[in-house]
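K.L.:
Before we start, here is the structure in question, set down as structure tokens.
The values are calculated or read from the model by the stated rules, or taken from the named source; none is laboratory data. Everything numeric here is computed off the predicted structure, so don't read it as measured data. Note that we place each Cβ from the backbone using ideal geometry, even for glycine, and neighbour counts take in every protein chain shown. For the accessible areas, the whole protein counts, side chains as well, though only heavy atoms, and no ligand, DNA or RNA atoms are used. Shrake-Rupley method; radii C 1.70, N 1.55, O 1.52, S 1.80 Å.
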Amino acid sequence: MYQMSEVSLEEHRARLEEIRPHAKQLRLAAREAGLSGLSVQSDGTVVVHSEEPGYRAVNRFSVRASGVVGAYVHVITDDAPAAGGARPL
């Protein structure tokens, strides 16, 4: 498992074309984190649905997703105003 300290904020943010090849692994990681409804925006932002209050599960998933993709994966929840326009991953 990846730790937060292993993902540097200085690394570049993953783009859509970097995320798509890892869709299967990311869907599995989202399920394991208790998240659903995985989708992605054109800029590479991953959108998830979380029943858990707060962002603990989302942050855990972001760290794991970043390790899978090899770049920082920006993750937001589907109730965020910026979540529109995401396509299923």
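K.L.:
Taking the stretch 36-58 as the region of interest, how many residues are more than 20 Å from Glu18 (Cβ to Cβ) and either in a helix (DSSP H, G or I) or open to solvent by less than 20 Å² (accessible area, probe 1.4 Å) (or both)?
P.N.:
The total comes to 2.
K.L.:
Restricting the first residue to the stretch 59-77 and requiring it to be farther than 20 Å from His49 by Cβ, which pairs with a second residue that is surrounded by 19 or more Cβ atoms within 10 Å (Cβ to Cβ) and of a type in the set (S, T, N, Q) meet a Cβ separation below 7 Å and a spacing of at least six or different chains?
P.N.:
From residues that are farther than 20 Å from His49 by Cβ, the pairs are Tyr72/Ser66.
K.L.:
Those residues that are out of contact with any helix residue (DSSP H, G or I) (no Cβ under 6 Å at 6 or more places or on another chain), hydrophobic (A, V, I, L, M, F, W, C) and either assigned to a loop (DSSP other than H, G, I, E, B) or modelled with pLDDT under 95 (or both), I need them from the stretch 4-35; list them, please.
P.N.:
Passing the criteria: only Leu9.
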